[in-house]
Amino acid sequence: MPDHDQPMEVSKPIKYPGWDQAEAPWTTTALPNALILPLFLFTGRQAGVLRCGVGALLVGTFAALVRVQQISLWWGMLFLPPALALFLSSYEVVFSRPDWVDPEVFGRKKLPAHAPLAYHTSIEAARKAAMSHSLRSESENIILLSGPASAGQWRFKYAPSVSAAPLHFEDPGFPADDWDTDVPVPGNWQLCKDASTGEPRFDIPVYTNFRYPIPLHPPYVPRGNPTGCYRRTFDVPAALLEKGGRAHLLFHGAGSAFHVWVNGSLAGYSQDGKLAAEFDVTGLVHRDGQSNVLALRVLRWSDGSYLEDQDHWRLSGIERDVELVMIPGAGSGFSLSDYTAVARLDSQHEHGHLDVTVQVARHRIFPGSFQVQALLYEDSEGGALVGKASVVKDGTSTAAASGASPTEVFVSIPVKNPRKWTAETPQLYTLVLTLSTEGLGEGKTPSTLQQAEGCRVGFRAVEIRDSQLCVNGQPLVVAGVNRHEHDPDTGKVVDEASMVQDIVLLKRYNFNAIRASHYPNHPRWYELCDELGIWVVDEANVETHGMKPIGRISADPVWRAAYVDRMVRMVQTHKNHACVVVWSLGNESGDGQNLQAGREAIKALDPTRPVQYEGGGADMCGTGRTSLTDIQCPMYAVPAAAIQMAQSTRDARPVILCEYSHAMGNSNGNLFKYWDAVWALPRFQGGFIWDYVDQGLRHTDRLTGRSYWAYGGDFGDVDGPCSGHGQFCINGVVFPDRAPHPALHEAKHLQSPVKFHVQGPSSTRRTPMALTLGIENRYSFQSLAHLTFHWALKSDAGVLAAGTLNVEGKEVGPGQRVEVTQDVGQDGRPGSPSEPPRKLMSVLAASSPFKRSNGEKKDKRTGGNDSTTGGTEGGIPSESSGLGGTSVWSTAWVEVTALLKADTPWAPKGHVVARETFLQALVGVSEGASGDRVPVPLLTMPALELRQERTEEGQGPWTAHAAAGEEAVLVVSGTKTSKGKDWRVVFGKRSGRLLEYRVGGVDLLVPQTGGPEHAFLRAATDNDRAGYPVSATFVTPKWLCDALEPYSPWNVLSYYARWRRLGLCLDGLETSVQEVTPVVHTTKRVEILVRATVSTAQAGPLLDVQTRYIVYGSMDVKMGIKVVSLYENQTKAPLHLPRVGVALQLPREFTDVSWLGLGPHESYSDRKRSGLLDVHHAHVRDLHTPYVVPSENGGRADVRWAALRDPESKMGLLLRCTNGPVHEVEDEGTPEKRNKSVHTPGTFQFNASMHSVRELEQATRTCELPTWEEAQRLYVHVDHRHMGVGGDNTWEPDLIHSEFLVPCVGTWEYDVYLSPLVPDEEPYAKACRVLE
């Protein structure tokens, strides 16, 4: 069996058909494009005229046939429908169209895109602004026009359509006193709420996954096109205009489209609300000191909406800041209008050159010269000048030669061995560019600084070398996530605090890359990624996922300029950021010549970065692998497919998944399989999880007044575009408020830049116990010198030994590994022995937590979370070889931790970078030591008695049981003379159920209903629902999908649909009890046998269940359980059970939970690598994971024992489960102690919650669940088997991997122990007892 700690070796490619194609075919440029698209689908004027002509020709042909051939008018049915269809879909193109439905108009009077400019007037101001990251706000020439709702600066008027908007509202004298003044800018008007109802005031948020929220008729949009009209006044400093300065109006983001007027005159029009739109308003503003009137008309839909079909909330408004930019330097005749800074490295990645290309705009004839100077400083306050370069140009000749076009000036600064920028070591320099002028002739003026610009640059080289994406010559490992801009309160408006929070959170969880999905982000985002260190894939605002066919307008030449404009403007705006290492053409827009044209334009502008693109479409083998992309970047390739691509010799491009591991609800199972492959296969360089944040919007339930996270359809659009898409915006690794999902811990562990390997501890009678630890550096660029390492040897009784690993003086470079041998008895400090362990130990388990001990048998059945089951897939260790295999009654483990030595910008000193536990099954040899296995012979137990009593409703202690239909009960209790007489266990004679478990006057289970029930159901997760009918509701009405579900093939159904079809659902299972018989009765033990059959109306008998209750005089209850599958159709209609276990109900007071197992966070069989073996403690409320859509949650995997306790009475219940074999253990010591028989307990899946399966299943939002104050009891599950959660995607069936399923075949046998805990009794001590 493969050792999890060893690098994966892969020699034979995995056979996964289709993924080994050298280059996938284009999906929309062959026959469909050649024959269908030009005539029927292209949207240009020529195509429209042609369609109208064809329609007219059909009508004429029909008329001629009627007149000449005297054919029947009924033949018109063959001609008139297609003729009318062609004509009605095309006649509009022969008339003039408004800007917002003309794909060839995506901007009017809009200035070319450029790098951010702040127009400082001194070098120090520019340098300070760049250093403080207040690049724009500290400039004296930037006037911020944005404002919060409280400022009342903006007036807003909502109109349901363009035609309903106020006429001539842009006129300065238009009366707007009655307009709303509490609409924020920036802000989405759909999120302005009514104060009394909490509902949207103007318009509703709409979410769709890929279905267009408007009828699919490009380029047209509905006549009912919600429109927002904005007005405000502003003043322009007269002194600037008097000196010949210019005024620009800059919108950093508004959309989907808008017209803007200044003082009643049109200033321009723009689309693509994710990039800046700048307009020259110098000639429109007042020069006499009067206030100016700015008016804006923002449209919710435009033809640009067909290019913006991303999977997110569709919101409208001014989403980013609005600025008035003054250009004082223009008064001299010149201004710096753009610059490109390329901080490149030589071929050896040692020395650098900063190449700067500056665009100088000429505004008037200037009789003199101008100088462009580049100054490079160390990136610190008062940092030294590293280098400088300057160029002087003759202004007169330049003006004459260039006309109105900008003049290009090139300067270069050589830098010897600069500090290199990487995401791990984001070392920057500060660049300051100056533009100065000097007059000529007799009236020659001295050199005058006209403009200064500052930014930060990083020296780094991006290339694809040896089939790998490399930076500075080193291959990258991309631990990435897709990130939408989202705030639960402000929608698409994100502030700096939110951006910093996102970067800090991701870096703390070992992410190093962001894909800007699927549009350019806020300008500040890129500055922060430069500073804190994040690789960025910058993506153009292009997606046509819902188009039919998907590449329809990507192949339509009428849209080509719009495509190219969006890509070029993105590059021109963000080209100087070191964090941007890859450009992306967009997302899921098929394949067409418009994309090819955009790629060529990007390559022409920036040959230093690769370009990627994933096209989507039905041909999934071709996604992300066409000639449009330099990187193979498919989405949702299953692990086997990703491995196949990375091993293929037919396509040498690197493999980086642009989307994978769909994080929808309780998901991200199998993530370890991807990362085992990433660390093993050089060409498989990682990927971007979909996605970062649950896109929930904070909303209030009007019935309960409780807040919850709203998703698609929650704002009234149930039957509109949101239908069927609902919670598909809820698929992040963090909640909307950025609280982490449990899966985020899994990602942190798997992506960790530090990997531990453990051998030992080992010892003999002559040598002290030694622990050998291997530390592997998985960073790409830095050593481990910034980390400190700690170790601890723990047991369920406490810490046995601990210390700090001494790795000082051992330089562990990237990719290297060091081994450290630690004396367990030295506490990490030579000569300072610690207190010895409280018992002698010998080692059973070796290095890997996934390695079985000798003599351990493999479960013959597949499925479940049995950690003794081994398996591989393509040479990758299977997660099923889990921690439980070497468990013994006394459990010990080694914990190793890597922490930061010092504070960093993203985490404080002591932050845990990596932590891992390794099971070390230690056997105690001294008698009675805490944590040893302590046999409890029957003879030593107090006496008990069994009696059968009849129930009579209305009198006696069994009244409640009589009301429930029990005519008699079996009562097991201590005798009057026994030591532990104050206890009883009551069974129903009819139901066989444990009705009471009472010790010391305290009910350990809820009377009547709390006794163990066999549990086979769970509240369905989103992945349980993946498949039909959920996936079909994307494109088909839900009512139709539901109607067709009973007739759908089994293999297309989701797990949940299969369960429902067979009646395996709430109220569908029926349990019939055949026998309740006391089979053994002694003075120390009572044994009661219960036989039952579980069946459904649809499937008939499903399971035969036999439960053998053993009640001991020690007050313990053992359940010997045997479950036999009776399902006979597994071959044709395979059935997988959600769980096989028992469910209990405990009093509400038992709130303190402790368990020995994986934690502290939630874990399941296919998502548990990050779990730490330890004794964890939590309040039962904290075990609940509040997924936005309630489902199965809160499970803890590989649990050895669990205890729930009342903090007031200190009484509690201990839960254990055994299902393992008996081992023969070789123990050092005397011969009589060798080959000692050791009982090995099994691990189980544990869940304790304040919510029942029914409550979780029926709730669709968290506000529908009972609050803690409303909870009446606790619901506890002890599962022998529990299926995984899956996560490869959330729309295809059967994507929970086979080793994590629970197939309904064969037999399950296991024991569950219920043991009372009295005050001051430690659960670990009681868990070590063996009941004979």
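So the values come out like this:
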read-out	value
Built amide H within the under 5 Å cut-off of Arg314, gap 5+	Val206, Tyr207, Thr208
FRET efficiency, 1/(1 + (r/R0)^6) with R0 51 Å, evaluated for Lys109 and Arg465 via beta carbons	0.70
The range 130-185 - percent of accessible surface contributed by carbon and sulfur, probe 1.4 Å	53
Protection proxy ranking of 412-418, 122-128 - average other beta-carbon atoms within 10 Å, highest first	122-128, 412-418
Using a Förster distance of 25 Å, the FRET efficiency for Val1318-Lys909 (Cβ separation, nearest 0.05)	0.05
Chain lengthening between His217 and Gln1098 when straightened (0.36 nm per residue, less Cα-Cα)	312.6 nm
Other-chain or far-sequence residues with amide H under 5 Å of Ser973's (modelled H)	Glu945, Val985
Full-extension gain in nm, Ala384 to Ala1133, via 0.36 nm per residue minus C-alpha separation	262.3 nm
For peptides 350-360, 264-274, sequence by mean Cβ density within 10 Å, most packed first	264-274, 350-360
Separation in nanometres of the label points that stand 7 Å from Cα toward Cβ, at Ser161 and Thr940	8.8
Local net charge near Lys128, Cβ-Cβ under 10 Å (Lys/Arg +1, Asp/Glu -1)	-2
Other-chain or far-sequence residues with amide H under 5 Å of Ala914's (modelled H)	Ala898
Listed peptides 1165-1172, 368-375 by packing density, highest first (mean Cβ within 10 Å)	1165-1172, 368-375
Label-to-label distance, nm, for residues given as Ala601 and Arg990 (7 Å Cα→Cβ offset)	7.8
The range 514-583: chymotrypsin sites (Phe, Trp or Tyr not before Pro) in DSSP coil with no more than 10 other Cβ atoms inside 10 Å	none
Residue list for the range 1002-1042, given a label point 7 angstrom along the Cα-to-Cβ vector of Gln1258 and an amide N cut-off under 15 Å	1019-1020
FRET efficiency for Glu819 and Lys548, using Cβ-Cβ distance with R0 set to 56 Å, rounded to 0.05	0.40
Extension gain, Leu144 back to Trp1039 (0.36 nm per residue minus Cα-Cα distance, nm)	317.1 nm
Under the Karplus curve 6.51 cos²θ - 1.76 cosθ + 1.60, θ = phi - 60°, whole-Hz ³J(HN,Hα) for the range 1054-1070, x wherever Gly or Pro sits	6, 4, 5, 5, 5, 4, 5, 4, 8, x, 7, 8, 4, 6, x, 7, 10
Simple Cβ-charge dipole of the range 419-507, Lys/Arg +1 and Asp/Glu -1, about Cα centre, in debye nearest 20	420
Using θ = phi - 60° and Karplus 6.51 cos²θ - 1.76 cosθ + 1.60, couplings along the range 343-348 (whole Hz; Gly, Pro as x)	8, 9, 10, 6, 5, 8
14 Å reach of a label modelled at Thr1083, 7 Å along Cα-to-Cβ, counting backbone N of the range 1101-1138	1113
Label-point separation, Ser1072 to Gln948 (7 Å along Cα→Cβ), nm	2.2
Long pairs among Lys157/Lys492; Lys603/Lys673; Lys548/Lys1038, criterion Cα-Cα beyond 24 Å	Lys603/Lys673
Accessible solvent surface per residue of the range 308-373, calculated while the other protein chains remain in place, 1.4 angstrom probe, Å²	27
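The values are calculated or read from the model by the stated rules, or taken from the named source; none is laboratory data. Note that this is a predicted model, so its numbers are computed, not measured. Quick reminder, even Gly has a Cβ in these numbers, built from the backbone with ideal geometry, and neighbours come from all protein chains shown. These accessible areas exclude ligands, DNA and RNA; they are computed on the full protein's heavy atoms, side chains included. Shrake-Rupley method; radii C 1.70, N 1.55, O 1.52, S 1.80 Å.
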